[in-house]
Amino acid sequence: MSYGLENALDQWQQGERTLDDAGPDQRHDLERAVAAVLEELRRRLGSAFLVSELAELYGRGTDWADACAARAAGADTTAAVDAAFHRYARQATDYAGGRRYVPFQH
């Protein structure tokens, strides 16, 4: 069963907002955690992927990402993981400003 893309995008955007609202000290730790999760996402998905593939990976569980975030900074892993997925989604080949890009077909 695939994870709902709209739900995933909403969660990921909330993670980014949580980072935006964090104080300077907490923000530093969260950014380190995000960087660790981004590195692991690159390893798992590579550079050419669809946003639906990212949502599917997220839907299978993020224990591995929580562990990466905790090892890197011991930060609020939920916000860091969601923000990392949000940032990585922007690199998807079919990402279009917050939603999946579907080309116009005649």
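The values are calculated or read from the model by the stated rules, or taken from the named source; none is laboratory data. Since the model is a prediction, treat every value here as computed from it, not as a measurement. Neighbour counts run over all protein chains shown; Cβ positions are idealised from the backbone, glycine included.
Name every residue in segment 37-63 that is among the hydrophobic types (A, V, I, L, M, F, W, C), surrounded by 14 or more Cβ atoms within 10 Å (Cβ to Cβ) and touching a residue at least 24 places away in the same chain (Cβ under 8 Å), in order of residue number. Outline the logic, then answer.
Filtering segment 37-63 for residues among the hydrophobic types (A, V, I, L, M, F, W, C) gives 37-38, 41, 45, 48-51, 54-55, 57.
Still in the list and also surrounded by 14 or more Cβ atoms within 10 Å (Cβ to Cβ): 37-38, 41, 45, 49-51, 54-55, 57.
If the condition is that a residue be among the hydrophobic types (A, V, I, L, M, F, W, C), surrounded by 14 or more Cβ atoms within 10 Å (Cβ to Cβ) and touching a residue at least 24 places away in the same chain (Cβ under 8 Å), then V37, L38, L41, L45, F49, L50, V51, L54, A55 are the ones that fit.
The requirement of being modelled with pLDDT under 95 and over 12 Å from the mean Cα position of the chain (by Cα) is satisfied by A48.
When you look at A55, is it touching a Gly at 6+ places or on another chain (Cβ under 9 Å) and at pLDDT 95 or above, yes or no? For A55, the condition - touching a Gly at 6+ places or on another chain (Cβ under 9 Å) and at pLDDT 95 or above - is not met. Take the conditions (1) within 13 Å of the chain's Cα centre (by Cα); (2) at pLDDT 95 or above; R43 misses just one of them, which is (1). Assess whether V34 counts as being within 17 Å of L5 (Cβ to Cβ), among the β-branched types (V, I, T), crowded, with 20+ Cβ neighbours inside 10 Å and in contact (Cβ under 8 Å) with a residue 12 or more places away in the chain. It is false that V34 is within 17 Å of L5 (Cβ to Cβ), among the β-branched types (V, I, T), crowded, with 20+ Cβ neighbours inside 10 Å and in contact (Cβ under 8 Å) with a residue 12 or more places away in the chain.
Which residue, of D94, D76, D29, is touching a strand residue (DSSP E or B) at 6+ places or on another chain (Cβ under 6 Å), at pLDDT below 95 and surrounded by 14 or more Cβ atoms within 10 Å (Cβ to Cβ)?
Details: D76 fails: touching a strand residue (DSSP E or B) at 6+ places or on another chain (Cβ under 6 Å); D29 fails: touching a strand residue (DSSP E or B) at 6+ places or on another chain (Cβ under 6 Å).
Testing whether each residue is touching a strand residue (DSSP E or B) at 6+ places or on another chain (Cβ under 6 Å), at pLDDT below 95 and surrounded by 14 or more Cβ atoms within 10 Å (Cβ to Cβ) leaves just D94.
Scan segment 17-26 for residues that are out of contact with any Leu (no Cβ under 6 Å at 6 or more places or on another chain), surrounded by 14 or more Cβ atoms within 10 Å (Cβ to Cβ) and more than 11 Å from A83 (Cα to Cα) and the total you get is 1. In the set (1) within 11 Å of the chain's Cα centre (by Cα); (2) not in a helix (DSSP H, G or I); (3) not hydroxyl-bearing (S, T, Y), the condition left unmet by F85 is number (2).
Could we say that Q14 is crowded, with 16+ Cβ neighbours inside 10 Å, touching a residue at least 40 places away in the same chain (Cβ under 8 Å) and touching an Asp or Glu at 6+ places or on another chain (Cβ under 9 Å) here? Taking the combined requirement at face value, the residue does not satisfy it.
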